[in-house]
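First comes the structure, then the notes that go with it.
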């Protein structure tokens, strides 16, 4: 029987690359996404490569949609791997930001993963030998001025995953947290104030391969790429320096650019 992986935000970017990677390793994929057009295109492309999958459409930030998606997943086949990848951002000076947009960041990035995980565990859809992957962010180590709520949401996700890992160990459910740095995705392009060096960002396909290997080896945390690991260590030991770097490369540009 094929293993079953559920991936949120699977229609593009990191989620799409993970669907490809897991599908190529024999998983049946259930992708969740809010964008119907991109989901249809992703389904067509992945299916053409022999990957077995389905897409469920819904907005994880909307309570009714989230409740419906949970009901469908509970009624479906057991889940061997649940990947919390979907995320949204809101950049700029916090005091000038739209608080409704900031609330949506928390709803999609934190509330939905917590509620989805709790419901599926309660229903016994993730059993012994299964696992969860949480996509956090390198901002956990270096901060993210200009996207404070996004950084807070990713910190919350990492803290939740760490505690959940301990709680679920006795049930033989493995939990892994991933801290990606800059990745070559439409999401990164959309929220970055400077895309001139976009080619230097990690390709999502490479990131997905690293994540799969780490999960297969039952690691609990992974920072993909030696450059990101170096920056994370710098953030641990010289937080003031990395914060100034982030202020110069992100915050100053985000708050000075016309929006």
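All of the numbers you see were taken from the coordinates with simple rules; none came from a lab. These figures come from a predicted structure and were not determined experimentally. Note: ideal-geometry Cβ built from the backbone for every residue, glycine included; neighbour counts use all protein chains shown.
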| field | the stretch 3-256, relative contact order in percent, only Cα pairs under 8 angstrom and at least six apart counted | value | 19 percent
| note | Highest mean packing first, using Cβ neighbours within 10 angstrom, the peptides 198-205, 32-39 sort as 32-39, 198-205
| note | Computed over the chain: longest principal axis from alpha-carbon atoms vs helix 36-48 long axis, angle to nearest 10 degrees, is 60 degrees
| remark: A correct fewest-to-most ranking of 183, 221 by other Cβ atoms within 10 Å would be 221, 183
| Once every DSSP H run of n ≥ 4 in the chain is given -39500 (n - 2.57) and the sum is divided by its residues, what mean residue ellipticity at 222 nm do you get, rounded to the nearest 500 deg cm²/dmol? | -14500 deg cm²/dmol
| query | Which distance in Å, rounded to a whole number, links the C-alpha centroids of the stretch 1-44 and the stretch 137-204? | reply | 19 Å
| query | Roughly what % of DSSP beta bridges within the stretch 109-259 run antiparallel, to the nearest 5? | reply | 0 percent
| query | Could you give the semi-axes, largest first, of the ellipsoid that matches the stretch 3-256, computed as the square roots of 5 times the alpha carbon gyration tensor eigenvalues and rounded to whole Å? | reply | 28, 20, 19
| task | Compute the long axis of helix 13-24 from its Cα atoms, compare it with the longest principal axis of the Cα atoms of the chain, and write down the angle in degrees, 0 to 90, nearest 10. | result | 30 degrees
| message | Using all alpha carbons of the stretch 4-91, what is the percent of pairwise distances in each 5 Å bin, ordered from the shortest bin to the longest? | response | 3, 15, 28, 26, 18, 7, 2, 0
| query | Would you list 256, 136, 159, 192 from fewest to most Cβ contacts within 10 Å? | reply | 256, 159, 192, 136
| field | Viscosity 0.692 mPa s, temperature 37 °C, Stokes-Einstein D of the stretch 110-216 from Kirkwood C-alpha radius, µm²/s | value | 215 µm²/s
| Which angle from 0 to 90°, rounded to the nearest 10, does the C-alpha axis of helix 204-216 make with the longest principal axis of the chain? | 60 degrees
| said: Quick check on the exposure proxy: order 242, 249, 177 from fewest to most C-beta atoms within 10 angstrom. | reply: 249, 242, 177
